[in-house]
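The values are calculated or read from the model by the stated rules, or taken from the named source; none is laboratory data. What you see is a predicted model; the values in this text were computed from it and never measured. Heads up, the Cβs are rebuilt from the backbone with ideal geometry, glycines too, and the neighbour counts pull from every protein chain shown.
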Amino acid sequence: MIRFDPQGLGGPHVFQFVREKGSRLLALLGERAAADAPWEIHSHGAWIRVEAEADAAPFFERRVVLLVRPEDQAPDTFSGWAEGRLEHLGRYLEACNTGRVVRSVVQERSVTAIVMGRKGVDPNAPGVELPPAGAIPALLADFTANVERYLRLLGDPDLRYVMALRLYRVPRGDRPADFVLGLDALPTVVGLTAEAVPIPPASLVRGVVGELARQQADRADELASTRSPLRPVDWLRSTHALRRLEALVAALDDVVLRIDATGMPDMPTIRGWLNAIELPRWPLARPAAAVGLGVVLVSVAAAVAF
């Protein structure tokens, strides 16, 4: 099965290569396409989900990523470029602790890699598991570092190739799981399927911080509506949790306002603001900025689905 839009940006040379040699390539690699998984055709290459080992399947996904040489490009020039792109993809995934390139194969007309990555989810999907309130500032601070890694390793300064964000859950045995928020970097390697809208990195981070502030404000509203004064101990605990959420939303709103006031701050500056957030441990009073929580308008470019 091949997913290709002739009206989009998918490369005809990529489609032709996959149609003629895709099945043979998977057989050569010893891989089998996952159930109902199509080849996804992009401007420079393609990818397909393949079967992962049973013990890894709940947490990881395995993909074959393919870059195809245009007929007018010299093999040596193409292979050097393609190997470099896949190497930088692997370095980005490993730096973010979200995956790695486990194998690559260079041929005259193509360069192929097998990528093993953590299963990520849309952080804005209904019912998605989010970190506790106290871990949100660190999650966002680490996200700014992941954006910096992307810019340094993949050479996309206006984030034109970023189509989505992914939230990854990293189990840690008996300890609480870690969470990683990162950019889906695969389109940066295989190219686009449709026209994309550039977005400044600071604007992307601003939108993500604002969206998480909105989600935490919704959490606070839900908690406030379900508290019961009939059990004083439970009421006290829920009050502490509610006040921490309100303090978090106020702090995130403040970061958004600082980004707006500064213009286009760099990632270390935003990370410093996020790392400076300290939530009260056992608060009872509402934070001073709690009135109007979550009213900061959130605007993430249409190219990025948070």
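For the range 50-92, a residue qualifies if it is out of contact with any helix residue (DSSP H, G or I) (no Cβ under 6 Å at 6 or more places or on another chain) and among the aliphatic types (A, V, I, L, M), and the qualifying residues are Val50, Ala52, Ala54, Ala56, Ala57, Val64, Val65, Leu66, Ala74, Ala82, Leu86. Among the residues of the range 200-207, is any in contact with a Cys (Cβ under 9 Å, 6 or more places away or on another chain) and either within 14 Å of Met267 (Cβ to Cβ) or not assigned by TED's automatic domain parsing to the domain that holds Pro265 (or both)? For the range 200-207, residues in contact with a Cys (Cβ under 9 Å, 6 or more places away or on another chain) and either within 14 Å of Met267 (Cβ to Cβ) or not assigned by TED's automatic domain parsing to the domain that holds Pro265 (or both): absent. Looking at this structure, is Ala194 touching a residue at least 60 places away in the same chain (Cβ under 8 Å), of a type outside the set (D, E, K, R) and over 30 Å from Phe15 (Cβ atoms)? Criteria not met by Ala194.
The condition (being outside any loop (DSSP other than H, G, I, E, B) and either surrounded by 13 or more Cβ atoms within 10 Å (Cβ to Cβ) or among the aliphatic types (A, V, I, L, M) (or both)) is satisfied by just one residue among Ala35, Ala52, Ala56, Ala46: Ala46. Residues in the range 72-87 that are surrounded by 15 or more Cβ atoms within 10 Å (Cβ to Cβ) and of a type in the set (D, E, K, R) were compared, and the one that is nearest to the chain's Cα centre (by Cα) is Arg85. Condition (residue is of a type in the set (Asp, Glu), more than 26 Å from Ala57 (Cβ to Cβ), in a helix (DSSP H, G or I) and in contact (Cβ under 8 Å) with a residue 12 or more places away in the chain) applied to the range 147-157: is it met by at least one residue? Within the range 147-157, one or more residues are of a type in the set (Asp, Glu), more than 26 Å from Ala57 (Cβ to Cβ), in a helix (DSSP H, G or I) and in contact (Cβ under 8 Å) with a residue 12 or more places away in the chain. Only one entry in Leu9, Leu67, Leu25 is assigned by TED's automatic domain parsing to the domain that holds Ser110, under 27 Å from Arg166 (Cβ atoms) and either part of a helix (DSSP H, G or I) or over 27 Å from the mean Cα position of the chain (by Cα) (or both), namely Leu25.
Restricting attention to the range 103-138, the residues that are within 12 Å of the chain's Cα centre (by Cα) and not small (Gly, Ala, Ser) total 6. The residues listed here are Leu159, Leu183, Leu165; of these, the one that is at positive phi and either surrounded by 23 or more Cβ atoms within 10 Å (Cβ to Cβ) or among the acidic types (Asp, Glu) (or both) is Leu159.
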